[in-house]
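Report on the following structure.
The values are calculated or read from the model by the stated rules, or taken from the named source; none is laboratory data. Source: prediction; values computed, not measured. Here the Cβ positions follow ideal geometry from the backbone for every residue, glycine too, while neighbour counts run over all protein chains shown. All accessible areas refer to the heavy atoms of the entire protein, side chains included, with ligands and DNA or RNA removed. Shrake-Rupley method; radii C 1.70, N 1.55, O 1.52, S 1.80 Å.
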Amino acid sequence: MTDIRDGNGLAAAEKLYTQYGSRARELKASGKKVIGYLSALGPVEIMTAAGVLPIRLKGNVSEAISKGDAYMETIVCPFVRNVFDLAVKGKYDFLDGMVLPHQCDSIDRTNETWSYALKLPYWHFLNVPHVTDDPSIAFMKEILRIFIKTLEKFTGKAITDQAIADAVKAHNNNRKLMRELYDLRKSNLPLISGSEMMKVLVAAMSIPVEESSALIEAVTKEVKERKPAAANPKAKRIMLIGDQIDDVAVIEAIESTGAYLVMDDLSTGSKMYWQDVDATADPVQGIAERYLRKLKIPTTFVGSADTYQGILEERFGHMKKYVNEFKVDGAILFIYKYCDPYGFEVPAIKSYVEAAGAPVLYLEDEYSTSSLARVKTRIEAFLEMIA
Amino acid sequence: MDYFAGVDIGSTMTKVVIVSDRIEVSLIGPTGPEHRKLANRVMEEALNKACLTFENLTYIVATGYGRINVPFADRQITEITCHAKGLHSLLPSVKTVVDIGGQDSKGIKVVNGKVMNFVMNDKCAAGTGRFLEIIADSLGVPLEKIGEISLTAEKIAAVSSTCTVFAEQEIISRLASGEPIANLLAGIHDAVATRVCSLVKKLNVEADIAVTGGGAKNIGLVKALESKFGRALLVPPEPLITGALGAALMGKDIFAKYMAEGQKPTRSVNKLEEATFFE
Amino acid sequence: MAEEKKGRAVATSTAAKIPKFVRGNLSATLKAKEEGKKVAAAFIADGQDEIMRAMDIVPAWGESFSGVCAAKRDAEKYLQKAESDNFSRSLCTYATCNIGFDMMREELGGATPEGAPWGGMGRPDMMLGNGQLLCDPRFKWPQATQHYQQDVPVFVTNMYYPPWDPNADHHEQEAIYVKYATEELRETVKFCEKITGKKMDWDRLAATVELSDKTWDLFIDTYELRKHIPTPMDTGDAMNTMVPLTFNLGTQEAYDFYVDLNAELRQKIADGVGVANPERYRIIWAAGLPSWFALGDFQYFNGKGVVFPVEVTYRGCEKIERLDLPKTNDPLEHIAWRWVRYWTHWYDAAKKRPGSTPKVERIIEYIEDYKCDGAVFHSAFSCRSWHAGIMQQAATLKKVYKDIPILIMEGDIVDISSYNEADTHNRIDAFIETLAAYKKRQG
Ligand code: SF4
Ligand code: SF4
């Protein structure tokens, strides 16, 4: 394993980022089972409690789809297609299994395409409901229990409530550490750049939770020791909003213009780390509540306020907080083509965040560097506009 | 006298404008595969025409999609900001700019020469000059002529496909079934105008509206756009140079700001290298 | 805008009554206010039909209106309106067409925009969405519409069924799903009671559900008449005759429609009248919503002797007895069981054939029952729900069943901009050639 010592946290993150899955491969060789998952809805606590390594699957924006299109329609989310293509090409050949949480049609409708093409020993579709009332929490608990049972059968080991409670603690601690690292982006010159942060986020989702926590601590320590350079008072502080952005390409496009990426509302970033699981007598209860009610993704949002403004606050209020806490000057809303869940929210998010004081650039794109030049021009023009 | 140059490297054309307190010179040349070499050549020509030397220039701004390939520029600024600036200096009443280039189209909202909002088309060619070029090619009509010919149509032959490949097939089969070329061209211009208009309408469109870029030289397209926007559109006398002009004016502003702060900027490159240098 | 194209001429005279149903549904939304009724923006196959009917709530079917706009080739203006506020052109075009229309209506203070196809649709008093296993848009579309109709309350609910997993026992899971769906339906009733200010009449609901069950049975009995050779009705008509089942479930008119259709098909069979004469090839429409602006393509098939005696699309029901529903006195629980079993009753068959899936089993059953020679799928780019996974279905069908000719057409439900008639007809011609070769091989 990569040795995480003081002073080399960023280097370790960089390595885990560029050689994505390398740690999983090592652990697999030493006999650990590795389960891949997609999206922020993957209940990592349960997988950790089962003694398997959960690894969030990542795409590769510079890799053209060459094999996946023979099985999967091009009308599917470009991110999902890209990851699928990598999997078909054997980039994830260390997986023992996968769990697909029901996040959106692009995942739900391709469940059979994935499972029949990859033929992994373990497969599970986690049928996460999309509303959040009490019957839905009860239902979510049921499907989590079904998930637990299938994992027990696969590993041949019981998953005790104690093990789940311990895993909850470990992951909550991990989230807390990550939030502390995010805090270091609040200063005028953020102590950690957006692309460094992305590498840490990506690295953290590919290794066991304790190692992930150690990595985050090492990075935090390292960047805290940085000599604060004079900030460029004119540099704009940007927030990136979207779902599955797991690559530095867009971020480098932002930061190469001299702007700072200081915050995100991404399902690889703050969405993963902002809400903890409550320790409940039945640990599954807390997990159900966190994923269904606390996690802020469009397919599990149900408004309950009496007014539309109130509903917007429920849905996007956290973004207003980010704008204030992280002193955001402008936001980039980066949505993939064919993504219905986020696509239908664009006008609402845009007007809400703009009302919160940050102009918004909306970009619709593929999951690919092929259109990066065009995206870059828009980002630069946007930054010139808000200068 | 201080001279400021703007260089706009577009996908098909490279434009250079030099300004002092007036426009000294403007020049247009094709963009070759070697941007940098060409930028030098067009710049040299422009300087000759204006009887200036490279050393006379105070500040140079590059724009356009090839802006990073202008080795002698002091600053790169996107074409969006430059278009707004340039157009405002020519037609101060304009609030919305529609720019139709070879590879992309954009809409820009302008207030006092500043960008308030903008939109750009996505990857596909529909709604760009490229689309018209492909169709002109498959109909065997010179590109400069298609606009005029389209105005002679008796009726607009509706083209339902906006996808370039499909539209091309559709046109060919319609031609075979006897539809006059003028009607088809009217249909194609209408389709492009529809695409551009729906793109620009993402902005809160306010009059006056101006058209720039290569598309503005196509009278058929301008007329089609006027019918979509439901009003007359303004076209600057030389619609291709607004970006380069804006770049030059941005340079002037930047320079003035530096001077106001009491620091004179130094040019990043002092000599226009031999054109052969990059070969 | 392309000139309005004449839609497909229907083969059965009963199908010719469909425009009246569709117009009737649209105008009901416009008249509701006068009649003191509440209008709900609603979405098909959400399990909410009977609740609305039993409470005199008038459904405003977004999908139907967008389909009409598409069939009249007059959707572009609404698609562009939605696009002008940053709704991507890649989103579900039923939704974006409707949202564009709603945006225009709001700008007019609630008045119907001029030139709206078939008089347009009325402003709803509520929106009933469903974040079910059917699709994301039916969950996000009402929420997105609220951005423009801020006073109209939105209710979204959930109706799930167990996911297909060859290694899991779905029977074990059914009860969990039924319980959940029942509770969600109860929440729906509560919401409707709140908006209408009326209590649910449970006896009336039970009677409505009973009528639906009868309609389901009659629908299947009627469609099975299409097994006859030559088939008296094909998918081109079915894209019309689905309307009463899909949009008017739980009404007597819907039931009566199928009584008429049944009689007409029997008569055609007795008279030996088929859709195509001679009938050369029988094809299953194996998946996909149609391109509403190009229904004429069915006639193109028919003109070449190709008929579709069966389709998966809009066959949103099954013989009730086949579902083996547990007895219950709760009409909501009955709806829930009917919904869950509608999907899971294919799972057992799929388990018996290694490598198969329920969707493929269903196609195989229809191919056998309706004696089909090939399969056509339609892939509409803007709807992932029905169209992602089609390639997988086609490949599985070939693998676990036989190597029958398959055509996957690409297009959209509403957006005409990537449709090309000549190209489509070329593909169809090529497909027919493979059918000929295949039949020859089969002897
Ligand atoms: S980006 Fe959108 S479509 Fe893709 S996985 Fe996320 S929610 Fe689904
Ligand atoms: S099923 Fe498809 S067409 Fe229907 S609403 Fe959902 S996404 Fe749109």
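Residues of region A:100-141 that bury at least 50 Å² of accessible area when the other protein chains are present, relative to the chain alone (probe 1.4 Å, heavy atoms, ligands and nucleic acids excluded): A:Asp105, A:Arg109, A:Glu112, A:Tyr116, A:Asn127, A:His130, A:Val131, A:Pro135, A:Phe139. With the simple model of a label 7 Å out from the Cα in the direction of the Cβ, A:Asn173 to B:Glu179 spans 7.0 nm. The heavy atoms of C:Trp343 present about 40 square angstrom of accessible area, all protein chains included, probe 1.4 Å.
Quarter the surface of the alpha carbon convex hull of region A:144-270 and you get the mean projected area, 9.0 square nanometres. Both radii were evaluated on the Cα set of region B:1-147; the Rg over Rh quotient, with Rh as the Kirkwood radius, amounts to 0.99.
The simple spin-label model puts a point 7 Å past each Cα toward its Cβ; for C:Glu34 and A:Ser351 those points are separated by 3.2 nm.
Return the inverse of the average 1/r over all pairs of distinct C-alpha atoms in region C:306-374, which is the Kirkwood hydrodynamic radius, in Å to one decimal.
On the way: mean 1/r = 0.0738 Å⁻¹.
For region C:306-374, the Kirkwood estimate is 13.6 Å.
Taking the Cα centre of the protein assembly as shown as reference, the dipole from Cβ charges on Lys and Arg (+1) and Asp and Glu (-1) amounts to some 1040 debye.
Which helices count as membrane-span-like in chain B under these terms: full DSSP H, at least 24 Å along the axis by C-alpha, Kyte-Doolittle mean of 0.0 or more?
Sorted by number, the helices that extend far enough and score high enough are B:181-200, B:242-260.
Here the calculated FRET efficiency for C:Asp271 and C:Lys227, from their Cβ-Cβ distance with R0 = 22 Å, stands at 0.85, rounded to the nearest 0.05. For the protein assembly as shown, taking the reciprocal of the average inverse distance between every pair of different Cα atoms yields a Kirkwood hydrodynamic radius of 31.6 Å. In region B:92-229 the Cα-Cα distances spread across 10 Å bins starting at 0 as 13, 45, 29, 11, 2, 0 percent of all pairs.
Kindly report the accessible area of the protein assembly as shown per residue (heavy atoms of protein chains, probe 1.4 Å, no ligands, DNA or RNA), in Å². The partial results should precede the final answer.
Details: 40390 Å² over 1109 residues.
Averaged over the residues of the protein assembly as shown, the accessible area is 36 Å².
Each Cα pair under 8 Å and six or more residues apart adds its separation to the average, and for region A:137-250 the resulting relative contact order is 26 percent. Relative contact order of chain A, taken over Cα pairs closer than 8 Å and 6 or more residues apart, is 20 percent.
Residues of region C:142-157 buried by at least 10 Å² of accessible area upon assembly of all protein chains, compared with the chain on its own (1.4 Å probe): C:Gln143, C:Ala144, C:Gln146, C:His147, C:Gln150, C:Val156.
Express in % the proportion of alpha carbon pairs of region C:106-227 at distances exceeding 23 Å.
Values: 4133 of 7381 pairs.
When all Cα pairs of region C:106-227 are counted, 56 percent exceed 23 Å.
Using helices alone, I'd like the mean residue ellipticity at 222 nm for chain C: each DSSP H run of four-plus residues gives -39500 (n - 2.57), total over residue count, nearest 500. Don't skip to the end; give the middle numbers.
Values: 19 runs with 226 residues, N = 443.
Counting only the DSSP helices, I get -16000 deg cm²/dmol.
Expressed in units of 2.2 N^0.38 Å, where N is the residue count, the Cα radius of gyration of chain B is 1.06. Sorted largest first, the spans of the alpha carbon positions of chain C along the three principal axes are 66, 53, 42 Å. Counted over region B:92-229, the DSSP beta bridges are approximately 75% antiparallel.
Normalised Debye scattering of chain A at q = 0.06, 0.14, 0.15 Å⁻¹ gives log10 I(q)/I(0) of -0.22, -1.33, -1.55, counting only Cα atoms as equal scatterers and leaving out solvent. Provide, for q = 0.10, 0.11, 0.15, 0.25 Å⁻¹, the log10 of I(q)/I(0) from a solvent-free Debye sum over equal Cα point scatterers in region C:37-134. The calculated log intensity ratios at q = 0.10, 0.11, 0.15, 0.25 Å⁻¹ are -0.27, -0.32, -0.60, -1.37.
Quick one: Cα convex hull volume of region A:256-372, Å³ per residue? Show your work: numbers first, answer last.
Working: hull volume 15.5 nm³, N = 117.
Residue-normalised Cα hull volume stands at 132 Å³.
Normalised Debye scattering of region A:76-179 at q = 0.19, 0.20, 0.22 Å⁻¹ gives log10 I(q)/I(0) of -1.19, -1.23, -1.25, counting only Cα atoms as equal scatterers and leaving out solvent.
Can you tell me what the convex hull of the Cα atoms of region A:1-128 projects to on average, as an area in nm²?
Values: hull surface 33.3 nm².
So the Cα hull casts an average projection of 8.3 nm².
Calculated FRET efficiency, C:Lys20 to C:Asp324, Cβ-Cβ distance, R0 = 45 Å: about 0.80 to the nearest 0.05.
Of the complete DSSP H runs in chain A, those spanning 20 angstrom or more by Cα along the long axis with a mean Kyte-Doolittle score not below 0.0 are A:134-155, A:209-224, A:372-386.
Please compute the contact order of chain B in relative form: average sequence separation of alpha-carbon pairs under 8 Å and at least six residues apart, divided by the residue count, as a percent. Before the final figure, lay out each step's value.
Working: 593 pairs, mean separation 71.5, N = 279.
This gives 26 percent for chain B.
The label-point distance for A:Glu210 and B:Arg267, in a model that sets each label 7 Å from Cα toward Cβ, rounds to 6.5 nm.
What whole-number volume per residue, in cubic angstrom, does the convex hull of the C-alpha atoms of region B:201-246 give? Please report the intermediate quantities before stating the final value.
On the way: hull volume 4.0 nm³, N = 46.
Taking the convex hull of the Cα positions in region B:201-246, it is 87 Å³ per residue.
Kindly state, to the nearest 0.05, the FRET efficiency for A:Lys294 paired with C:Lys352, given R0 = 45 Å and r defined as their beta-carbon distance. Taking R0 as 45 Å, the efficiency between A:Lys294 and C:Lys352 is 0.60.
Classified by the C-alpha gyration tensor, region C:144-209 has an oblate form. Its axis ratio a/c, with a ≥ b ≥ c, is 1.5 or above, and a/b does not exceed b/c. Calculate what fraction, in whole %, of the accessible area of the protein assembly as shown sits on carbon and sulfur atoms when a 1.4 Å probe is rolled over the protein chains. Its accessible area is 51 percent carbon and sulfur atoms.
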